[in-house]
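Undergrad: Here you go, one structure.
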Amino acid sequence: MSDKIKKAGTLLVVSGPSGSGKSTLCGELRKRLPELYFSVSCTTRNPRPGEAHGVHYYYISKDEFERRIADGEFIEYARVFDNYYGTLYSEVAERIKNGQDVFLDIDVQGAMQIRKRADEDEFLKRCVEFIFIAPPSYDVLEHRLRKRGTENEDVIKKRLAESSKEMEYWDKYDYLILNDKLEEAADEFFNLVSSFKNSTRRIPDIGFYYGRD
Ligand code: 5GP
């Protein structure tokens with residue numbers, strides 16, 4: 001039997017309202033950090049054109065989602081825009097323990113559930129970082145939502161209301177990326193996420209971190 005000291009990965013919890021540019025920034029980060037694992041969530045919404053099961057989401061029925069809730073398979077889940085979304089433990093736990101960094105793009109409700117779990121779970125507390133992506137102002141947010149031009153006024157109003165509600169959570173996160181100029185925000189995001197790799201806070205000092213094979 002050999003003793004091996006392992007360093008845990010970082011669990012990156014990233015939220016931001018629709019119109020914050022979160023999807024673009026996440027896509028950019030993915031290109032720059034291919035070794036980062038982007039957790040695949042379960043959802044009850046239908047796939048959009050170009051999306052694939054097991055790649056963008058696991059698309060499951062409401063019944064199956066509720067069965068998985070009952071079986072305790074989710075580290076967090078929420079209802080967003082009338083659909084369920086949730087992160088499976090199986091996407092996260094082993095990877096983090098094995099030193100891989102895992103990225104969660106989730107809404108504020110889900111992030112707050114993980115925050116609560118981390119308060120009670122020393123291992124999770126040491127691994128997790130909360131990042132909020134925000135537009136520089138409410139006007140910019142509205143402009144971005146309208147610019148998409150694909151939705152009617154009612155949908156835009158609903159999205160604006162949802163986004164404003166999400167914005168109220170920005171100070172519950174540890175880091176804030178203000179997405180004014182995309183290039184700059186992308187650099188800032190990349191630098192922030194890269195910095196966690198060298199975090200001394202994650203030097204293992206509790207039994208859980210010591211892998212024995
Ligand atoms: P979309 O349907 O546009 O892919 O995602 C809608 C919202 O659901 C986004 O804000 C996204 O971050 C959030 N979301 C995606 N997956 C999860 C998840 O597993 N849990 C939670 N709580 N939110 C999620």
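Undergrad: Just check segment 11-196 against the gyration tensor rule for me: Cα atoms, a ≥ b ≥ c as the square roots of the eigenvalues, rounded for a/c under 1.5, and otherwise prolate or oblate depending on whether a/b exceeds b/c.
TA: oblate
Undergrad: Can I ask one more? State in Å² the accessible area per residue of the chain; use a 1.4 Å probe, count heavy atoms of protein chains only, and round to the nearest integer.
TA: Numbers: 11710 Å² over 213 residues.
Counting only protein heavy atoms, the per-residue value for the chain is 55 Å².
Undergrad: Non-local amide H neighbours of Glu76 (under 5 Å, H modeled in plane, Pro and chain starts lacking H): which ones?
TA: Long-range HN contacts for Glu76: Thr87.
Undergrad: For the chain, modelled as a Gaussian network with Cα springs under 10 Å, which listed residue fluctuates most, Thr43, Thr24, Thr87?
TA: In the Gaussian network model the winner is Thr24.
Undergrad: Using only Cα atoms, locate the centre of segment 60-124 and the centre of segment 1-56, then give the distance between them in Å, rounded to an integer.
TA: Here the answer is 12 Å between Cα centres.
Undergrad: Using a 1.4 Å probe on the protein heavy atoms, what percent of the accessible area of segment 120-199 belongs to carbon and sulfur?
TA: 49
Undergrad: How much net charge surrounds Arg117 when only the other residues with a Cβ under 12 Å from the Cβ of Arg117 are counted, with Lys and Arg +1 and Asp and Glu -1?
TA: Net charge in that neighbourhood comes out at -2.
Undergrad: Further, regarding this structure: At a Cα cut-off below 15 Å, give the aspartates and glutamates reachable from Lys147, other chains included and same-chain residues fewer than 8 away excluded.
TA: Correct list for Lys147: Asp139.
Undergrad: Return the single residue from Glu122, Glu28, Glu142 with maximal mean-square fluctuation; model: Gaussian network over the chain, springs between Cα atoms under 10 Å.
TA: Glu122
Undergrad: Estimate the FRET efficiency between Glu35 and Ser137 by the formula 1/(1 + (r/R0)^6), using the beta-carbon distance for r and 35 Å for R0, to the nearest 0.05.
TA: For Glu35 and Ser137, the calculated efficiency is 0.50.
The values are calculated or read from the model by the stated rules, or taken from the named source; none is laboratory data. Everything numeric in this text was worked out from a predicted model, so none of it was measured. Neighbour counts run over all protein chains shown; Cβ positions are idealised from the backbone, glycine included. In case anyone asks, the SASA skips ligands and DNA or RNA and just uses the protein heavy atoms, side chains included. Shrake-Rupley method; radii C 1.70, N 1.55, O 1.52, S 1.80 Å.
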